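Colleague: Questions regarding the structure given below will be posed in turn.
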Amino acid sequence: MKTTPFTNIHIALGAKMHEFAGYNMPIEYSGITDEHMTVRNAVGVFDVSHMGEFWVKGPNALAFLQKVTSNDVSALPMGKAQYACFPNGKGGIVDDLLVYHFEENKYLLVVNASNIEKDWNWCVSNNSEGAELENASDWMAQLAVQGPKATEMLQKLTSVDLSQIPYYGFTTGDFAGVDNVILSNTGYTGAGGFELYFYPEAGEKIWNALFSTGVEYGIKPIGLGARDSLRLEKGFTLYGNDIDDTTSPIEAGLGWITKFTDGKHFIDRPLLEKQKAEGVSRKLVRFELKERGIPRHGYEIVDESGTKIGEVTSGTMLPDSKKGIGMGYVATAYSKPGATIFIQIRAKNMEATVVK
């Protein structure tokens, strides 16, 4: 298995480790419930160094990105990031990603760990524009510092005024005595905070600074288990569960990152434009169970008569309210907020409500 600059630290702290996307990653430390609530109420640190990073540079960088991504990169100002996906040429999604605009003709793509090789091959094979591509995944480490107290704590370690960085904004500056750290007001938890990108050799210094400064804020290391429950509580999609090569961005409710602006001729545009105009037969919804239960990936979603209308893609039980929540694709007629659906859990049809 591959390691991150923090793997030995995770092991020394007693984390429960497991393979994820080819990496030896921490799944939990103090327990998913405790870690989930730490991020909701204080500050937690996620090792996300397994994520992939590609540089896209040169005079043809924008033309290339306008073709391979669904969002309108021409509208992305320098110093801002944008959520997008790679349409796969068949109406599905290669991956979802963040696009960072660093300088004129210089962008950074941040892709999912499990898709690094697939995404890199996709970009290379579709680079008829001749953009300069560099796979920097092995030379970048990343920590996500998330929670309502994260920004106040992080401010003690940098001369950069973090209050001036808007949501989905970023800058490069000093952090914990390390130069050229990317400070990005993004995250996958809905709890606020920043994601930090830096060279792997600076990892231990940054980790130690965070945990020494964060003592008064109740800082804790957080594993991938709570990362999943937090993103699901927020309703964020997970590639491989809620979106994949068989789901279109229109079905997945990602029409807002699929821009049909003049002059943007991206992969799958005609097909996706048709779907947006004519509608789709299924849609991804968020739902809450009315009674105690845990919806799981793959469970059937049925109507009142027991007829299958869809399938659960992600599900969990919230640690504080003990409410079962999930996401899944259902026939479009059942996709409006307030609609009643039923999740088949252990041969029982449990009532759920579609929510925003």
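Quick note: the coordinates plus some simple rules give every number you see, no bench work behind them. None of the values given here were measured: they were computed from a predicted structure. Here Cβ is always computed from backbone atoms with ideal geometry, including for glycine, and neighbour counts include all displayed protein chains.
Colleague: On the Cα set of the chain, report Rg and Dmax in Å, please.
Modeller: Answer for the chain, Rg first and Dmax second: 20.7, 63 Å.
Colleague: Continuing with this model, one more query. By counting other Cβ atoms within 10 Å of each Cβ, how are Arg282, Arg296 ranked from fewest to most?
Modeller: Final ranking by Cβ density, sparse to dense: Arg296, Arg282.
Colleague: While we're looking at this one, here's another question. Quote the charge dipole size of the chain about the Cα centre in Debye, to the nearest 20; the model charges only the Cβ of Lys and Arg (+1) and of Asp and Glu (-1).
Modeller: Dipole magnitude for the chain comes out near 1060 debye.
Colleague: What's the ranking of 158-166, 44-52 by average number of surrounding C-beta atoms within 10 Å, highest first?
Modeller: Put in order of decreasing packing, that is 44-52, 158-166.
Colleague: Still on this model: Any chance you could check the Cα centroid distance between region 102-176 and region 188-247 for me, in angstrom?
Modeller: Between the Cα centres of region 102-176 and region 188-247 lies a distance of 13 Å.
Colleague: Using the Cα centre as the reference, give the magnitude of the dipole from point charges on the C-beta atoms of region 281-355 (Lys, Arg: +1; Asp, Glu: -1; all else neutral), rounded to the nearest 20 debye.
Modeller: Taking the Cα centre of region 281-355 as origin, the dipole is about 120 debye.
Colleague: Right, something else. So what's the back-of-envelope 222 nm ellipticity for the chain, counting only DSSP H runs of four-plus at -39500 (n - 2.57) apiece and dividing by all residues, rounded to 500?
Modeller: Mean residue ellipticity at 222 nm (helix-derived): -5500 deg cm²/dmol.
Colleague: Among Ala63, Val73, Met37, whose Cα sits farthest toward the positive end of the charge dipole of region 1-105 (+1 at Cβ of Lys/Arg, -1 at Cβ of Asp/Glu, about the Cα centre)?
Modeller: Ranked along the dipole, the leading option is Ala63.
Colleague: Please list, in chain and number order, the residues 5+ apart from Gly31 or on another chain whose amide H is under 5 Å from its amide H, with Hs placed from the backbone.
Modeller: Sorted by chain and number, the residues that satisfy this come to none at all.
Colleague: Looking at the calculated P(r) for region 281-355, what percent of the C-alpha pair distances fall above 15 Å?
Modeller: When all Cα pairs of region 281-355 are counted, 43 percent exceed 15 Å.
Colleague: HN-Hα J couplings of region 165-176 from phi, Karplus 6.51/-1.76/1.60, θ = phi - 60°, integer Hz, Gly and Pro as x?
Modeller: Here the 3J(HN,Hα) series is 9, x, 4, 6, x, 7, 8, 10, x, 7, 8, 6 Hz.
Colleague: What residues of region 47-74 lie in the reach of a label at Glu104, counting those whose backbone N is under 12 Å from a point 7 Å from the Cα along Cα→Cβ?
Modeller: 59
Colleague: Considering the dipole of the chain built from charges on the beta carbon (Lys and Arg +1, Asp and Glu -1) around the Cα centre, which of Ile9, Thr171, Thr247 is farthest to its positive end?
Modeller: Of the listed residues, the answer is Thr247.
Colleague: Under a Cβ-only charge scheme (Lys and Arg +1, Asp and Glu -1), can you give me the dipole magnitude of region 52-135 about the Cα centre, in debye to the nearest 20?
Modeller: With Lys and Arg at +1 and Asp and Glu at -1, about 160 debye.
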